[in-house]
């Protein structure tokens with residue numbers, strides 16, 4: 001099949017794929033590469049369920065074309081745990097029951113990871129504003145905020 | 001649809017100018033991809049401008065700042081010198097969308113999307129920003145307020161793209177601010193936006209000012225009467241009331257679910273007063 005040949009790095013691994021010009025990075029991740037952690041919620045950049053990190057920037061994969069990924073380095077939820085060892089954010093989301101249906105969770109985890117990379121000690125307000133691009137229709141957000149606060153504490157080595 | 005990622009501005013212009021059918025320049029794509037998915041546009045060609053050398057950079061020059069058309073808004077917030085010189089412009093750019101959108105969206109795209117409610121545009125108009133446009137006939141530099149001509153429409157000709165946005169070096173005792181009203185605390189479209197930029201004389205009187213309003217007319221408005229109302233004053237209560245009155249009078253808003261005509265007119269005055277207060281304080285603090 002013809003298409004645009006794209007070479008990229010995903011979670012540290014060199015990955016090559018072919019895609020059509022209209023295909024989004026989210027389509028490529030899910031449908032071509034089998035990385036179904038990023039979810040399609042709205043498809044218009046409002047819900048954040050498809051959050052991934054491209055070249056150090058948190059983005060919605062639904063608003064990036066697959067072809068744009070050429071030469072870039074992408075982090076997805078599949079690369080968050082270290083083998084069987086969960087990332088502190090993942091641990092704390094479980095511990096605080098910061099999810100119900102789970103569709104928003106990969107996006108929240110990626111956004112929270114990006115937030116804590118930039119701001120290791122955020123206030124509750126900074127967490128709430130920082131995660132405003134991720135919608136959850138189950139939890140009411142409170143448990144998510146608590147989980148991120150707790151993870152931040154652990155990651156600082158407190 | 002074809003996707004192109006040219007390495008030079010000349011090639012981008014040629015591609016956009018030569019394509020039969022619809023061709024779109026794409027910076028962050030946070031508006032274009034949504035319009036494509038909604039079926040509002042069906043591009044035959046999308047020209048990604050992010051690989052063009054220099055377009056992803058913020059440069060500080062002797063004249064001020066040059067913000068490349070592909071600079072994501074989040075990078076403006078990280079540019080300390082820009083933030084110090086033009087805090088209102090940076091704040092306005094930082095209000096666009098979520099953190100995820102911030103990593104992609106650009107002020108050039110915000111301008112060319114030509115939404116009357118674009119957050120960065122009133123701040124840029126107040127700042128007297130200029131736009132470098134590259135096209136088949138070469139480059140031209142125009143005032144930022146001359147780019148949008150109506151909702152979704154710009155004055156750019158076929159093949160023309162915004163290359164960069166220019167902000168002047170700040171004189172002493174200058175400040176700017178942008179405020180918007182939204183019914184939520186974050187992640188919403190401006191019901192009204194107000195940008196104010198001003199410079200004080202040595203005695204703390206306003207020497208020059210520019211006031212711009214968003215979401216109250218088909219395009220962002222530069223309200224010269226509002227600026228006149230505060231020039232020569234120390235932003236006393238009477239000057240603020242005159243400013244608010246001039247802003248409300250200039251509005252030609254629509255009535256929609258997000259705000260009535262009366263509400264938008266009143267809020268435009270209130271926001272302009274508050275933004276002027278912040279700009280005045282910032283100018284005095286320097």
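The values are calculated or read from the model by the stated rules, or taken from the named source; none is laboratory data. Nothing here was measured: the structure is a model prediction, and the numbers come from that model. Note: ideal-geometry Cβ built from the backbone for every residue, glycine included; neighbour counts use all protein chains shown.
Here are some notes:
- Complete set of residues in region B:51-83 that are assigned to a helix (DSSP H, G or I), touching a strand residue (DSSP E or B) at 6+ places or on another chain (Cβ under 6 Å) and touching a residue at least 24 places away in the same chain (Cβ under 8 Å): B:82
The rows are residues; the columns are (1) within 13 Å of chain B (Cβ to nearest Cβ); (2) more than 24 Å from residue A:25 (Cβ to Cβ).
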| site | (1), (2) |
| --- | --- |
| A:56 | yes, no |
| A:59 | yes, no |
| A:75 | yes, no |
| A:96 | no, yes |
| A:128 | yes, yes |
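- Residues that are farther than 18 Å from residue B:128 by Cβ and either modelled with pLDDT of 95 or more or crowded, with 22+ Cβ neighbours inside 10 Å (or both) do not occur anywhere in region B:206-214.
- Filtered residues of region B:1-19 (kept if more than 14 Å from chain A (Cβ to nearest Cβ) and surrounded by 14 or more Cβ atoms within 10 Å (Cβ to Cβ)): B:9, B:11, B:12, B:13, B:14, B:16, B:17
Yes/no matrix, rows are residues, columns are (1) touching a residue at least 60 places away in the same chain (Cβ under 8 Å); (2) within 14 Å of chain B (Cβ to nearest Cβ); (3) touching a strand residue (DSSP E or B) at 6+ places or on another chain (Cβ under 7 Å):
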{"site": "A:107", "(1), (2), (3)": "yes, yes, yes"}
{"site": "A:112", "(1), (2), (3)": "no, yes, no"}
{"site": "A:135", "(1), (2), (3)": "yes, yes, no"}
{"site": "A:144", "(1), (2), (3)": "no, no, no"}
{"site": "A:147", "(1), (2), (3)": "no, no, no"}
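- Test: residue A:89 is away from chain B (no Cβ under 14 Å) and buried (at least 23 other Cβ atoms within 10 Å of the Cβ): yes
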